[in-house]
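Read the structure below first, then the notes.
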Amino acid sequence: MKIKYTAISNSETFIKWDPKFKIGIPVIDKQHETLVNLCDEFYQSLLRTKDSENYHELIKETLDKCLNYAATHFKEEERLMLASGFDGYKEHKASHDAFTEKCKINSLRIDSISITEAIKFAHFLYDWINTHIAHEDRLYLPALVEFLKKQQSAQ
């Protein structure tokens with residue numbers, strides 16, 4: 001049976017790196033850029049495999065790659081937040097944990113997920129990037145910049 005599919009974007013690129021995502025900390029900006037690219041890669045894998053009988057298997061590979069990289073990034077970001085004494089650490093970590101949990105749930109049920117549900121999940125990733133990276137991550141920036149300045153002057 002062939003699956004009907006409705007495109008979610010008129011362009012080939014679902015999401016691309018945008019200067020609005022930059023926070024000015026090179027290591028974090030590079031990680032964020034990779035996350036944006038992985039989100040787009042997940043969407044592109046949906047487009048490439050939507051008519052394949054084993055699309056579940058193919059998108060799972062991409063989703064797992066996204067999840068593994070997000071976990072690496074979150075550890076680094078949380079380490080920097082703790083080191084800088086960011087007051088909103090608990091709330092920010094809770095946001096990371098909620099994202100991780102939703103992704104794990106989707107990953108565990110990927111074998112039975114419809115293409116429509118997979119597209120909705122791609123939208124979730126897109127929305128999360130736009131709200132979390134472009135806005136929430138800016139909240140820890142003042143504490144982190146101050147921490148990094150103190151580290152540089154101590155050297």
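The values are calculated or read from the model by the stated rules, or taken from the named source; none is laboratory data. Bear in mind that the values here come from a model prediction, so they are computed numbers and not experimental data. With ideal geometry, Cβ positions are generated from the backbone for all residues, glycine too; neighbour counts draw on all protein chains shown. Keep in mind that these areas ignore ligands, DNA and RNA; they rest on the heavy atoms of the full protein, side chains included. Shrake-Rupley method; radii C 1.70, N 1.55, O 1.52, S 1.80 Å.
Work out the FRET efficiency for E33 and K93 from their Cβ-Cβ distance, taking R0 = 22 Å, and round it to the nearest 0.05. Each step should come with its number before you reach the end.
Working: r = 22 Å, r/R0 = 1.00.
The calculated FRET efficiency here is 0.50.
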>> I'd like the projected area of the range 24-69, averaged over all directions, using the convex hull of its alpha carbons. Report it in nm² with one decimal.
In response: 3.0 nm²
>> Using a 1.4 Å probe on the protein heavy atoms, what percent of the accessible area of the chain belongs to carbon and sulfur?
In response: 53 percent
> If you count, for each residue, the other Cβ atoms within 10 Å and average over each peptide, how do 141-149, 113-121 line up from highest to lowest?
Replying inline: 113-121, 141-149
> Using 15 Å as the cut-off for backbone N distance, which residues of the range 84-113 belong to the label zone defined by a point 7 Å from the Cα of E136 along Cα→Cβ?
Replying inline: 88-104
> To one decimal place, what Kirkwood hydrodynamic radius in Å is obtained for the chain from all pairs of distinct Cα atoms?
Replying inline: 16.7 Å
> Mind checking the angle between helix 89-108 and the chain's longest principal axis? C-alpha axes, 0 to 90 degrees, to the nearest 10.
Replying inline: 20 degrees
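With a probe of 1.4 Å, find how much accessible area the chain has per residue, and write the answer as a whole number in Å².
Details: 9070 Å² over 155 residues.
Per-residue accessible area for the chain comes out at 59 Å².
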> Taking Cα pairs under 8 Å and at least six residues apart, what relative contact order does the range 54-155 come out at, in percent?
Replying inline: 45 percent
> In percent, how large is the relative contact order of the range 1-116, given Cα pairs closer than 8 Å and 6 or more residues apart?
Replying inline: 28 percent
>> If you count only protein heavy atoms and use a 1.4 Å probe, how large is the accessible surface of W128, to the nearest 10 Å²?
In response: 40 Å²
>> Between the range 78-150 and the range 24-59, what is the separation of their alpha carbon centroids in Å?
In response: 16 Å
>> If each DSSP helix of 4+ residues adds -39,500 (n - 2.57) and the sum is divided by the residues in the chain, what number results at 222 nm, nearest 500 deg cm²/dmol?
In response: -22500 deg cm²/dmol
> In whole Hz, what ³J(HN,Hα) sequence does the range 125-133 give by Karplus (6.51, -1.76, 1.60; θ = phi - 60°), x for Gly and Pro?
Replying inline: 4, 4, 5, 5, 4, 5, 8, 6, 5
